[in-house]
Amino acid sequence: ASGTHQRELFGINVFKIREILVMPTITAIANAPENVMGVANIRGQVITVINLPKVVGCTPTKELPILLVTEYARSTQAFAVEEVNEIIRLEWSQVIAAEGKGGNLVTSIARIDGNTEESRLAQVLDVEQILRDVLPSTIETITPEKVGPKIKLPAGKIILAADDSPLARSMIEKELKTLGVPYVMTHTGLEAWQRIQAISDTAVAEGKTLHDKIALVLTDLEMPEMDGFTLTRNIKSDQRFKSVPVVIHSSLTGEANENHVRSVGADAFIAKFEAGELAETIRKALA
């Protein structure tokens with residue numbers, strides 16, 4: 001890595017990886033963005049190849065021999081990397097939020113050998129942010145025409161949202177503002193869960209329930225400290241909270257995840273990020 005002489009470890013959620021390949025032939029594209037190496041023809045699909053070390057500011061010691069083909073937020077892309085070390089199963093308690101620790105391409109930092117001082121640290125990449133930086137043409141504009149009519153919540157009710165990606169949070173906030181909905185934005189599942197309990201305590205003191213205060217919870221799945229599955233399970237297994245609708249909003253798609261979403265009791269699942277579909281899903285869940 002530049003600046004240090006040690007190797008840097010980065011992490012990416014294995015559920016986002018479609019396949020890992022030996023580097024195929026890459027065709028350079030005229031006038032491509034600087035971190036785009038070109039395109040590769042993989043199983044009949046032409047896929048953009050992004051130079052990941054270059055994006056994160058590392059200088060590789062050798063050619064990039066490996067390609068990670070990933071599926072994020074309704075699109076397929078590939079990242080050229082130096083090597084793939086291992087697949088590690090982590091508890092979310094081993095993953096700490098990277099907010100305020102410098103750098104805008106990392107959502108969290110994983111202690112990959114358990115919660116000890118000797119543990120190696122891996123930076124978990126904010127792939128959504130990387131894709132927007134490298135391919136800005138993919139950014140969805142959020143307009144009143146796309147999201148449709150404003151949503152009128154009963155007085156005193158809010159939507160509680162949770163997402164660890166600053167980019168995703170800014171898009172969700174813009175959408176909720178366009179819909180005219182009051183909201184509270186949190187950065188992790190744990191922060192959302194603590195906020196729910198605090199709001200519930202206030203409601204009880206006023207002789208009300210959580211549902212009088214929170215109209216809907218909108219949560220990402222992958223978040224440090226507590227993931228969206230656990231947050232949803234906590235809400236739906238608590239008699240005081242389970243009537244509040246939960247919408248899961250994630251770039252993790254695929255049948256296995258959607259089955260898991262159903263098993264934890266979520267009211268709806270929506271793939272990131274499509275402004276019109278998100279607004280429609282929120283409307284249905286509120287109804």
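The values are calculated or read from the model by the stated rules, or taken from the named source; none is laboratory data. A quick note: this is a predicted structure, and the numbers were derived from the prediction, not measured. Ideal geometry is used to build each Cβ from the backbone, glycine not excepted, and the neighbour counts take in all protein chains shown. We work out accessible area using only protein heavy atoms, side chains counted, and drop any ligands, DNA or RNA first. Shrake-Rupley method; radii C 1.70, N 1.55, O 1.52, S 1.80 Å.
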On a 0 to 90 degree scale, rounded to 10, what angle separates helix 275-286 from the longest Cα axis of the chain? 30
I want the local charge near residue 43. Using Cβ-Cβ distances under 14 Å, sum +1 for each Lys or Arg and -1 for each Asp or Glu among the other residues. -1
For the range 75-87, 3J(HN,Hα) per residue [Karplus equation, 6.51 cos²θ - 1.76 cosθ + 1.60, θ = phi - 60°, Hz, x = Gly/Pro]: 9, 10, 8, 9, 10, 7, 9, 6, 7, 10, 7, 6, 9
Which of the trypsin sites (Lys or Arg not before Pro) found in the range 1-96 are in a DSSP loop and have at most 15 neighbouring Cβ atoms, other than their own, within 10 Å? 7, 43, 62, 74, 89
Loop sites in the range 77-178: GluC sites (Glu not before Pro), DSSP, at most 12 other Cβ within 10 Å: 83, 86, 91, 117, 118
Cα-centre dipole for the range 157-287 with unit charges at Cβ (Lys and Arg positive, Asp and Glu negative), debye to 20: 480
Among all lysine pairs in the range 69-183 that are eight or more places apart or on different chains, how many have alpha carbons less than 20 angstrom apart? 8
Report D for the range 28-123 in µm² per second (integer): Stokes-Einstein, Kirkwood Rh on Cα pairs, 20 °C, 1.002 mPa s. 138
Quick one: compute the contact order of the range 96-242, relative version, from alpha carbon pairs under 8 angstrom and 6+ residues apart, as a percent. 21
Added length on full extension, which subtracts the Cα-Cα distance from 0.36 nm per residue, residue 113 to residue 209: 30.4 nm
Mean ellipticity per residue at 222 nm, deg cm²/dmol - from DSSP H runs of n ≥ 4 across the chain, formula -39500 (n - 2.57): -8000 deg cm²/dmol
Please give, to one decimal in nm, the separation of the simple spin-label points placed at residue 90 and residue 242, each 7 Å out from Cα toward the Cβ. 3.3
Share of the range 105-170's accessible area from carbon and sulfur, percent, 1.4 Å? 58
Whose amide H sits under 5 Å from the amide H of residue 186, counting only residues 5 or more places off or on another chain, with H placed in the peptide plane? 161, 162, 163
Table column - 3J(HN,Hα) (Hz), the range 56-63, Karplus curve with 6.51, -1.76, 1.60, x for Gly and Pro: 8, x, 9, 10, x, 8, 8, 4
In the list [x] 67, 64, 55; [y] 80, 39, 36; [z] 65, 49, 33, the entry giving Cα extents along the principal axes in Å computed from the coordinates is [z]
Can you give the Rg and Dmax of the range 137-278 based on its C-alpha atoms, in angstrom? 14.7, 50
Expected vector for the range 181-188, Karplus 3J(HN,Hα) from phi with 6.51, -1.76, 1.60 and θ = phi - 60°, integer Hz, x for Gly and Pro, equals 9, x, 8, 10, 9, 10, 9, 9
Quick check for me: using +1 on Lys/Arg Cβ and -1 on Asp/Glu Cβ, what's the dipole size of the chain about its Cα centre, in debye to the nearest 20? 820
Loop-located GluC sites (Glu not before Pro) in the range 1-73, at most 10 other Cβ atoms within 10 Å (DSSP): 34, 63
The chain, Gaussian network, Cα under 10 Å: of 61, 27, 178, the residue fluctuating most is 61
Suppose all protein chains stay in the model; what accessible area per residue would a 1.4 Å probe give for the range 164-267, in Å²? 40
With N set to the number of residues, divide the alpha-carbon radius of gyration of the range 60-219 by 2.2 N^0.38 Å and report two decimals. 1.30
Over the range 25-112, average the accessible area per residue using a 1.4 Å probe and give it in Å², no decimals. 56
